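Structure, as structure tokens:
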Amino acid sequence: MSIKVERLGKTFFARIDGVDIGSPLDAETISAIHEAQLEHGVLLFRGQHIDDDQQQAFTAQFGPIEPNLRSDIEFIAPLGNIDKEGNFRDPDGTNASFLRSNQQWHSDSQFFKVPSALSFLRAVSMPKEGGATQYADTKAAWDALPLERQAELQDLVALNDLQNSRGKEGHTLAPEDRERWPIIEHPVARIHEETGARALYIGSQVTSISGVDDEESQALIKELFAHSTQDQFIYTHEWEVGDLVIWDNRRCLHRGRPWDEANEARDVRRTTTAGTGPTTENGKPVDEYARAQAA
Ligand SMILES: [Fe+2]
């Protein structure tokens, strides 16, 4: 099967045609999709009306699929405002406030020591208006920094706290969530384990930069966040039912956009593949590319 790749964003985000993702893929097609994913960071597959089992099977062809921690559906995370019985979630409930922070710029599971590699999101139902997802190409953002600025930043490590993003939506982590997801360190810029390219890794969970005084630390977070999310690095995806988008959490940030949550269904379901190791060691960034090469 030969696939067609069409770049839609300025620096990343491509649409893939010529593949039926609901059926098992041959090795050549998997490899072509993998190459496209490394090059473009985010891939859109349109008109793919698959079910949860097919999404799970598709995902598992690109890496070890991760169990879903916040739902009793083993591998599928229902991230919209519809529960698995098809009812609207209580917009004032704890699940809703937890999920609403997905509207802040983030990389998935940035609160794990070993964050997810790829995310797969499928649109099952969409509101008439709103509910888009925006992606920011943090590799292009890193590449756009002057070399001397890159040199100043490349060994820095940031503290990531899930409560920081959840708190902005009025959500307080339950004690078991706080225990499961403590504050952790990630590099300010990660080295991609497959391409060796750096990408900024500052999402809404970042609270401070290690070893930098508080005022400077806050200014730096603000600067890098504003830099990464400039228009020139952003692609906005307007969903159609039957879309499935794969994104690389090591190379971009994303955020959902608001919609009329009380009245309109937005049913989106996510699967993820696991990362391969921690991003920091003894308070220093890990060269994830060198680690993968040595493995
Ligand atoms: Fe997300």
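The values are calculated or read from the model by the stated rules, or taken from the named source; none is laboratory data. All of these numbers come straight from a predicted model, not from anything done at the bench. Backbone-built Cβ (ideal geometry, glycine too); neighbour counts: all protein chains shown.
For Ala226, the conditions (1) farther than 23 Å from Lys113 by Cα; (2) under 19 Å from the mean Cα position of the chain (by Cα); (3) in contact (Cβ under 8 Å) with a residue 60 or more places away in the chain are fulfilled apart from (3). Here Ser23 fulfils each of the conditions (1) assigned to a loop (DSSP other than H, G, I, E, B); (2) surrounded by fewer than 18 Cβ atoms within 10 Å (Cβ to Cβ); (3) within 17 Å of the chain's Cα centre (by Cα) apart from (3).
Checking each residue in the stretch 37-56 for being surrounded by fewer than 19 Cβ atoms within 10 Å (Cβ to Cβ), out of contact with any Gly (no Cβ under 7 Å at 6 or more places or on another chain) and part of a helix (DSSP H, G or I) picks out Leu38, Glu39, Asp52, Asp53, Gln56.
Test Glu148 against the criterion of being at pLDDT below 95 and either acidic (Asp, Glu) or within 13 Å of the ligand (Cβ to nearest atom) (or both), and give yes or no.
Details: at pLDDT below 95: no; either acidic (Asp, Glu) or within 13 Å of the ligand (Cβ to nearest atom) (or both): yes.
Criteria not met by Glu148.
Scanning the stretch 257-284 for residues that are farther than 13 Å from Ile82 by Cα, out of contact with any Leu (no Cβ under 8 Å at 6 or more places or on another chain), among the basic types (Lys, Arg) and within 16 Å of the ligand (Cβ to nearest atom) yields a single hit, Arg257. Out of everything in the stretch 269-295 that is of a type in the set (A, V, I, L, M, F, W, C) and in a helix (DSSP H, G or I), what residue ends up being surrounded by the fewest Cβ atoms within 10 Å (Cβ to Cβ)? Among residues in the stretch 269-295 that are of a type in the set (A, V, I, L, M, F, W, C) and in a helix (DSSP H, G or I), the one surrounded by the fewest Cβ atoms within 10 Å (Cβ to Cβ) is Ala294.
Scanning the stretch 108-133 for residues that are over 18 Å from Thr195 (Cβ atoms) and within 16 Å of the ligand (Cβ to nearest atom) turns up Asp108, Ser109, Gln110, Phe111, Phe112, Phe120, Leu121, Arg122, Ala123, Gly131, Ala132, Thr133. Just one of the numbered conditions (1) out of contact with any His (no Cβ under 7 Å at 6 or more places or on another chain); (2) surrounded by 22 or more Cβ atoms within 10 Å (Cβ to Cβ) is not true of Leu253: (1).
Can you tell which of Ala136, Ala189 is small (Gly, Ala, Ser), within 14 Å of the ligand (Cβ to nearest atom), touching a helix residue (DSSP H, G or I) at 6+ places or on another chain (Cβ under 6 Å) and at pLDDT 95 or above?
Only one candidate qualifies: Ala136.
The C-beta contact set for the stretch 98-112 (first residue over 18 Å from Pro182 (Cα atoms), second residue within 9 Å of the ligand (Cβ to nearest atom) and in a loop (DSSP other than H, G, I, E, B), distance under 8 angstrom, 6+ apart or interchain) comprises Leu99/Leu79; Asn102/Leu79. As for the stretch 93-101, it holds no residue that is buried (at least 16 other Cβ atoms within 10 Å of the Cβ) and modelled with pLDDT of 80 or more. Of all residues in the stretch 228-250, those being among the β-branched types (Val, Ile, Thr) and surrounded by 15 or more Cβ atoms within 10 Å (Cβ to Cβ) number 4.
For the stretch 136-167, filtered to residues that are touching a Leu at 6+ places or on another chain (Cβ under 7 Å) and surrounded by 21 or more Cβ atoms within 10 Å (Cβ to Cβ), the residue that is nearest to Tyr235 (Cα to Cα) is Ala136. Within the stretch 236-256, the only residue that satisfies the criterion of being within 14 Å of the ligand (Cβ to nearest atom) and of a type in the set (Asp, Glu) is Asp248.
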